[in-house]
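Structure, as structure tokens:
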Amino acid sequence: MTNEPIPNLVAFDEAALDQAFAALERQARDGASALSSPEAVEAFRLQWLGRKQGLLKDVSDRWLKAASPAAKKPVGERFKVLKALVETLLDAALGAGPSDAALAAEAIDITLPGTRRLTGAEHPITRTLNEIVSVFAALGYSIGVGPEVETDFYNFECMNFPPGHPARDTQDTLVVAGQERRAQRDRLLLRTHTSPVQMRTMEQQPPPVRIVIPGKVHRNDAQDATHSPIFHQVEGLCVDTNITFSDLKGTLDHAMKALFGSSVKTRFFPSFFPFTEPSADVQISCIFCGGKGCRKCKHSGWIELLGCGMVDPAVFAFAAEKQPAYDPKKISGFAFGMGVERIAMMKYGISEIGQFYAGDMRFLSQFA
Amino acid sequence: MKILTNWLRAYLPPLPVDDAQLAEDLTLRGIAVEGIYDLGTGNGSLYEMDITTNRVDAMNHYGIAREAAAIYGVALLPLNTELPKHSPSAKDFSVKIEAEDACGRFTARVLRNITIGDSRDWFPGAEVDTYFKLLEQKKISNAVDATNFAWLAMGQPTHAFDLDKIEGGIIVRRARKGEKLKTLDGIERTLDPEDLVVADHAKPLALAGVMGGWDTMITPDTKNVLVEAAWFEPMAVRRTARRHGLHTDASHRFERGADFAAAPVASAIVSGILLANGGFIEGDLVDVRVPAMEARTAARKPVALALSEVRRILGTTIDKDGITAATVENVLTALGCSLAAQGAHDAAWQVTLPSWRLDIEREIDLIEEVARVYGYNRFANTLPAFGGGVTALPWAQAESAVRDTLRAAGFHEAIASTFCSAAEAALTAPQPGQSVPLGNPLSEEAGMLRPSLVPGMLSMIAGNLHRDVSDVRLFELGTVFSGTTEKVDERPALAFGAVGSLPQQSPLHPARLIEFHDLKGVVEQLLARFQTRAVYFDRFPPEAGLMPAWLHPYRAARVTAEGATVGWFGQLHPAEAAARKLKDPVLVGELYVDRLYKLPLRKPAAREISRFQPVRRDFSLILDESLTWEVIDQTLAALQIPELVEWRVREVFRDKRIGARDYSLLLGVTFQASDRTLREEELQSFHAQVVAAVGKTGARLRT
Ligand SMILES: [Zn+2]
């Protein structure tokens, strides 16, 4: 629809303005009263408010812009009133719309369940690994990785488990077939811990080192509620000049608070690992009862969560074969390791470790 | 391990703490008390203890008493080794150590006129009856109980022989090939020439440090006894025990290093108890030592220790004074070291090591002892100085892009077993024969390192269906293995599997089974995360032998990106589905993500969006069954009309009325220019070009 162009104003006195605007107001009211369909309302809107050819734009272009500086104000005021009127009329016309009966015929059952698209879940192990890794990333630890099939050298010997040492008995090992003819240190096995990556990293890189090593490990263990031949570890290694046992304590205390909440307390016990000295087990105050004692913490108020210690000089000696900077007289470091399944079981209330590896949709959906 | 607090306290002056506090103080110093049981008035408590393998010295009452003495700074009482005067003998009992590399010390004491009988509380310090009852340790005879008492008291294994069954004297030697020995467990063993034995001049008597022999065991008729207390080399005992599948208290201790100086003490304890029931000692204690072994144990060179090194390793303490020279001296002295001050500027010592602590060898071991007894929780919590920025793994972003895409597509992440059966490996190995068996698998079904993630995926899918979960969407990112038992190669892989209805289930819309193209869409979306110019799906005739055997030969595709095969997917081969009792079609695939990760991730870039009206046109085509969409697709691409901005299949329709070998395809095309509104003549020309091109492929325009 094209509008009749409005006439130019000949006089800008009050009376002339009143008359001209009153004519437009009448035209708007008449038009609005005749609106009967949404299409007509839309046409009305375009007629008046159309950005290119709307009547109001025309008024603005022809009357307002042509007004002398003295007349600008009276024209402007009347223009505003007219515009408000048109908008009010339009709102009223729009509000009318289809009848209630017409709308009622379109009713739907909004109590039917919403159509959901399945969202895939992050595996609770991946999720826990990522949480742990990001806590240490914030402390300046990069991620280190290594192979799942390792040599006896990396898994045991360089971690200060000499051949025939009783400490090896604590880690029942799955071995690759046909290794008997090979030299002990070349024999292939499934890594029993992520510690070999400590050595692989130190061989590649002089100190300082700050790495966190997430990974899958295997032991020749029978499956029960809390043990599995497959499990995951996160191991950490920090080597530099002047790294101390109190730095180890502070780092792990901070990490445990970041993972389990700022009210968590830590305590350290002497322990034994061939690759660290001094070695410690770390307990955190029970996250279920806050340390008062409950079934989950066997009424002790504490939960054992990780092993750690200062890197044994014998481990540095192996690293120094390729990177002489690992001189235990000049540098020092700490290492720590934790079982991811155990932490995930605790965090999410999982009672059977086997659920992690069954791919059961019902179990996994809970983590979406 | 069970420990009686009454027995332990018998070796100490009165302690200022109760049993609960003692347990906590010990535990905080690494001597872990796992459980405390009250034994009733006057009986003290029983500790259930878990001592780490390096601390064999503390796996007995006296060893734990020594720890308590160090903690509370009190003096440990000496063990009672007093014995009645011995009667002279014409000739010392003959003892010879032939295997000097395996036996460091052998003591033998001859007791005569002994009466074998029940045990009782013999004298103060030998309350065998009371202690054994509280420990629920079975009493056997005074001879056996005496050796057990010495073991529980101080952790030194001893052995009592029936002296009259010994011919000549004792020789500690390696076994001779083919020699036989019936051990105390009643098993007749054929010995290995590497086995270490305690023998007499005619025959082996015992597996040294592991188990005594049947023929020389104490019986109710035994009159004369030879008490053995010795020091055997750890590896020799370990090898002998391993070879015979034995793990005894004695082998446990010797394997981890016994106390070289303990043999005569234990011998005295055993002899004292036996003599309390009558009898006498004949001759001096025969004590044969190997100097080289003594130098490795009881007479080790002192170790240098500096206070500065203690502080460099241990750091800051909560207490202001921290660890001082006095702390170091007090702790180490209480543990049995002797310290000689050395060095003028800094506190430093030469530390002589106790014979019972073979785990202490180096300065760091001494530093650990200082930290342990001082108390780990008295160290402050400090943080290391900044050590440089963090570097990400090169594939970290790509891996999370893959994870995100699959999760957004409704797939849950799963983790399956690392192992599979030989049959599964043969079925799924990308390179035939390149699968690696385990030497000691958990089970036959887990005998191989998985060459593919497909076996695990299939078993997880089957597991769900058998649990009546009918809609399954899973993916796994994991390692697959290839190569040989000499050299194993590892690669990251991605598997995905789907079965059941499409996820958009709703009471308002009909469900349908997921099918090949649903999965293809997921693969396309995955690949779209990477910067690829050429992604291609193809298939091969079955006779080409290229298609993995686990896939349906006519409903599967190879995926290539930039010319490299990046994986396979499709419907599970019906034979494999039947073998696994899977009724609904299972869709499964595997991508070699290491090849994907070599591609850069696609970087989003914005393009100008045309302001001009697009024009859509539909073409209804009839095609021969052999004419694939790909041909139409490539034909339209080859037109190279810039204004032909999009074309897609809107519908595929099969009906007998169209023709037995024909199908109909509704092609939707969009024309649009970036700089103008298309004129009618232009549109007509494009239209004609499309019709002509499609016609050349053999497709007919439906009228
Ligand atoms: Zn609790």
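The values are calculated or read from the model by the stated rules, or taken from the named source; none is laboratory data. Keep in mind that this is a model prediction, so the values were computed, not measured. Positions of Cβ are backbone-derived with ideal geometry, glycine not excepted, and every protein chain shown enters the neighbour counts.
Before moving on, here are some points about what is shown:
- A:Val135 satisfies every condition listed in (1) buried (at least 18 other Cβ atoms within 10 Å of the Cβ); (2) in contact (Cβ under 8 Å) with a residue 40 or more places away in the chain; (3) part of a loop (DSSP other than H, G, I, E, B) except (3).
- Every residue from segment A:260-269 that is at the interface with chain B (Cβ under 8 Å from one of its Cβ atoms) and away from the ligand (no atom under 16 Å from the Cβ): A:Phe268, A:Phe269
- When segment B:23-58 is limited to residues that are within 12 Å of chain A (Cβ to nearest Cβ) and among the polar types (S, T, N, Q), the one that is farthest from B:Glu255 (Cα to Cα) turns out to be B:Thr27.
- Checklist (1) in contact (Cβ under 8 Å) with a residue 24 or more places away in the chain; (2) on the phi < 0 side of the Ramachandran plot applied to B:Arg607, failing item: (1)
- Residue among B:Ser506, B:Ser470 that is under 30 Å from A:Thr111 (Cβ atoms) and either more than 37 Å from the chain's Cα centre (by Cα) or of a type in the set (A, V, I, L, M, F, W, C) (or both): B:Ser506
- Test: residue in segment B:563-574 that is in a loop (DSSP other than H, G, I, E, B) and surrounded by fewer than 17 Cβ atoms within 10 Å (Cβ to Cβ): yes
- Within segment A:48-82, the set of residues being of a type outside the set (A, V, I, L, M) and in a loop (DSSP other than H, G, I, E, B) comprises A:Gly50, A:Arg51, A:Lys52, A:Gln53, A:Gly54, A:Lys65, A:Ser68, A:Pro69.
- Flag for B:Thr428 being away from every other protein chain (no Cβ under 11 Å) and surrounded by 17 or more Cβ atoms within 10 Å (Cβ to Cβ): yes
- Residue match in segment B:591-601 (condition: more than 38 Å from the chain's Cα centre (by Cα) and either under 20 Å from B:Phe411 (Cβ atoms) or surrounded by fewer than 22 Cβ atoms within 10 Å (Cβ to Cβ) (or both)): no
- The residues in segment A:210-247 that are facing chain B (nearest Cβ under 8 Å), not acidic (Asp, Glu) and not in a loop (DSSP other than H, G, I, E, B) can be counted, and the count is 7.
- Options B:Ser417, B:Ser443, B:Ser470, B:Ser459; residue that is more than 7 Å from every other protein chain (Cβ to nearest Cβ) and modelled with pLDDT of 95 or more: B:Ser459
- Of all the numbered requirements in (1) within 8 Å of chain A (Cβ to nearest Cβ); (2) surrounded by 15 or more Cβ atoms within 10 Å (Cβ to Cβ); (3) within 24 Å of A:Gly309 (Cβ to Cβ), B:Ala385 misses one, and that requirement is (2).
- Residue within segment A:249-263 that is buried (at least 16 other Cβ atoms within 10 Å of the Cβ) and outside any helix (DSSP H, G or I) present: no
- Taking the criterion of being farther than 20 Å from A:Val145 by Cα and aromatic (Phe, Trp, Tyr), the residues of segment B:362-405 that qualify are B:Tyr374, B:Tyr376, B:Phe379, B:Phe386.
- B:Ile323 being within 14 Å of another protein chain (Cβ to nearest Cβ), of a type in the set (A, V, I, L, M, F, W, C) and buried (at least 20 other Cβ atoms within 10 Å of the Cβ): yes
- Considering B:Ala65, B:Ala90, the condition of being part of a helix (DSSP H, G or I) and more than 14 Å from every other protein chain (Cβ to nearest Cβ) is satisfied by B:Ala65 alone.
- Failed criterion for B:Ala262 (all others in (1) surrounded by fewer than 20 Cβ atoms within 10 Å (Cβ to Cβ); (2) more than 15 Å from B:Ala160 (Cβ to Cβ) hold): (1)
- Only one of the numbered conditions (1) out of contact with any Gly (no Cβ under 8 Å at 6 or more places or on another chain); (2) under 27 Å from B:Asp359 (Cα atoms) is not met by A:Ile350, and that is (2).
- Exclusive hit being within 9 Å of chain B (Cβ to nearest Cβ) and either surrounded by fewer than 11 Cβ atoms within 10 Å (Cβ to Cβ) or farther than 30 Å from A:Ile350 by Cβ (or both), set A:Gly120, A:Gly144, A:Gly140: A:Gly140
- Subset of segment B:510-554 [outside any helix (DSSP H, G or I) and of a type in the set (Phe, Trp, Tyr)]: B:Phe530, B:Tyr536, B:Phe537, B:Phe540, B:Trp550, B:Tyr554
- Selection within segment A:200-228 - over 30 Å from the mean Cα position of the chain (by Cα) and surrounded by 24 or more Cβ atoms within 10 Å (Cβ to Cβ): A:Met202
- Residue within segment B:390-402 that is modelled with pLDDT of 95 or more and at the interface with chain A (Cβ under 7 Å from one of its Cβ atoms) present: no
Quick grid of which residues meet (1) in contact with a helix residue (DSSP H, G or I) (Cβ under 8 Å, 6 or more places away or on another chain); (2) within 11 Å of B:Leu83 (Cβ to Cβ):
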position: B:His252; (1), (2): yes, no
position: B:Ala258; (1), (2): yes, no
position: B:Ala262; (1), (2): yes, no
position: B:Ala266; (1), (2): yes, no
position: B:Phe280; (1), (2): no, yes
position: B:Leu285; (1), (2): yes, yes
position: B:Arg289; (1), (2): no, no
position: B:Met293; (1), (2): yes, no
position: B:Ala298; (1), (2): yes, no
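- Residues in segment B:35-62 that are assigned to a helix (DSSP H, G or I) and closer than 22 Å to A:Phe161 by Cα: B:Val56, B:Asp57, B:Ala58.
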